[in-house]
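Before I ask anything, here is the structure I am working with.
The values are calculated or read from the model by the stated rules, or taken from the named source; none is laboratory data. Worth saying up front: this structure is predicted, and the values here are computed from it rather than measured. A quick note on method: Cβ atoms are made from the backbone with ideal geometry, for glycine too, and the neighbour counts reach across all protein chains shown.
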Amino acid sequence: MPGAAPRRAFFSPAARNAAPRYFLIAGRPSWRQASFSSDQDTEVHLTFEPIGGETWLTVEHFGWDAIPPDHVARHHFPDDVFLRRHAEWWQALLSSYGDRAARGET
């Protein structure tokens, strides 16, 4: 979110040996919900970057501009509200993974 401090959200043991700026596209060639039509999809880009003694994960979810505002996946929210809520969903999801990793759960 603009103006928000970065959140410590996720650490994966698999990322410990990540090369600087390791980049992965999840769901290649695309990510799509079952309710998407054949011409609708999105992409999730994951970038692992060592910073100090940690590995930071940046998640970028592209393609929502191809999904109409009235589509069920967008919950009928206007763009700014939908994108903010979607970012909050990613933050909560990654925080829960971080919590599990801290407890030694995989």
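Yes/no matrix, rows are residues, columns are (1) in a loop (DSSP other than H, G, I, E, B); (2) hydroxyl-bearing (Ser, Thr, Tyr); (3) at pLDDT 85 or above; (4) out of contact with any strand residue (DSSP E or B) (no Cβ under 6 Å at 6 or more places or on another chain):
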site	(1), (2), (3), (4)
PHE23	no, no, no, no
ALA26	no, no, no, no
PRO29	no, no, no, yes
GLU43	no, no, no, no
PHE48	no, no, no, no
ALA73	no, no, yes, yes
ASP80	no, no, yes, yes
LEU83	no, no, yes, yes
ALA92	no, no, yes, yes
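Still on this structure, please answer the following. Test each condition in (1) of a type in the set (Phe, Trp, Tyr); (2) under 23 Å from ALA34 (Cβ atoms); (3) in contact with a Lys or Arg (Cβ under 8 Å, 6 or more places away or on another chain) for TRP89 and report the one that comes out false.
Of the numbered conditions (1) of a type in the set (Phe, Trp, Tyr); (2) under 23 Å from ALA34 (Cβ atoms); (3) in contact with a Lys or Arg (Cβ under 8 Å, 6 or more places away or on another chain), the odd one out for TRP89 is (3).
Follow-up question, since we're still on this one. Pairs please, first residue from segment 46-66 and free of Cβ contacts under 8 Å to residues at least 40 places away in the same chain, second anywhere and of a type in the set (Phe, Trp, Tyr), Cβ atoms under 6 Å, 6+ apart in sequence or on different chains.
Sorted first by the residue in segment 46-66, then by its partner, the pairs are THR47/PHE23; PHE48/TYR22; GLU49/TRP56; VAL59/TRP90.
Considering segment 67-83 alone, what residues qualify as being surrounded by 14 or more Cβ atoms within 10 Å (Cβ to Cβ) and either of a type outside the set (Phe, Trp, Tyr) or at positive phi (or both)? If you could, list the steps in order and put the result at the bottom.
Let us first name the residues in segment 67-83 that are surrounded by 14 or more Cβ atoms within 10 Å (Cβ to Cβ), namely 67, 71, 73-74, 82-83.
Result: ILE67, HIS71, ALA73, ARG74, LEU83.
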